[in-house]
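**Q** Quick one: the structure is below, questions incoming.
What follows is calculated from the coordinates using simple rules that are stated; it is not laboratory data. Since the structure is predicted, the reported quantities are computational estimates derived from the model, not experimental observations. A quick note on method: Cβ atoms are made from the backbone with ideal geometry, for glycine too, and the neighbour counts reach across all protein chains shown.
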Amino acid sequence: MGREGVIDLDDLHFDNRKYEGWVSYAQSKLANVLHAKNLAKRLEGTGVTAVSVHPGWVRTRLMRHTMPGWMQDYVMRPFMGMMGMVEAWEGAQTSLYAALASDVEAHPGAYYSQTGTYRDKAKNAGGWPLESPNPHANDDEMAQRLYEHSRQLVGLEAGSARQEPQAAQPPQP
């Protein structure tokens with residue numbers, strides 16, 4: 001939707017800026033890509049491969065909050081298909097490929113995209129793998145900062161709001 005994903009670690013949850021759905025969506029998708037790249041580096045040599053997937057614009061009921069179901073199913077469906085929307089079974093192909101194809105392990109941290117509506121029209125057909133069309137997707141420093149910030153948010157780093165759980169002690173007789 002014309003938004004370039006950018007991670008704002010100082011206001012990740014839009015507490016201090018006006019919330020915009022597409023900006024939030026773009027930030028979250030970039031976070032997914034950066035997380036997969038960072039995780040792939042941390043898992044190097046373990047036999048586990050981390051990647052990110054974009055299944056395309058999949059026909060789901062997410063739009064039910066913006067229009068009635070009958071309008072989606074009977075009025076908009078033909079037009080959405082012409083604009084690139086795919087059925088759920090088609091969108092699942094990217095995830096299935098990433099989970100099952102033997103060549104995926106040769107591309108740790110890669111981005112797999114079914115189809116897309118990218119600014120760079122050459123990338124709209126997708127790719128397995130595909131170089132992410134977002135220039136920020138290769139920012140290893142931001143990927144590491146996002147990882148550290150995420151650990152702090154869930155209470156796994158010093159200075160976090162949550163305390164580490166204590167081991168349960170058996171009851172005293």
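**Q** Restricted to segment 1-47, and to residues that are at negative phi and among the aromatic types (Phe, Trp, Tyr), which residue is farthest from the chain's Cα centre (by Cα)?
**A** The selected residue is Tyr19.
**Q** How many residues, within segment 1-35, are acidic (Asp, Glu) and either touching a residue at least 12 places away in the same chain (Cβ under 8 Å) or within 25 Å of Gly56 (Cα to Cα) (or both)?
**A** 3
**Q** Can you tell which of Tyr25, Tyr19 is of a type outside the set (S, T, N, Q) and surrounded by 12 or more Cβ atoms within 10 Å (Cβ to Cβ)?
**A** Details: Tyr19 fails: surrounded by 12 or more Cβ atoms within 10 Å (Cβ to Cβ).
After ruling out the rest, the residue left standing is Tyr25.
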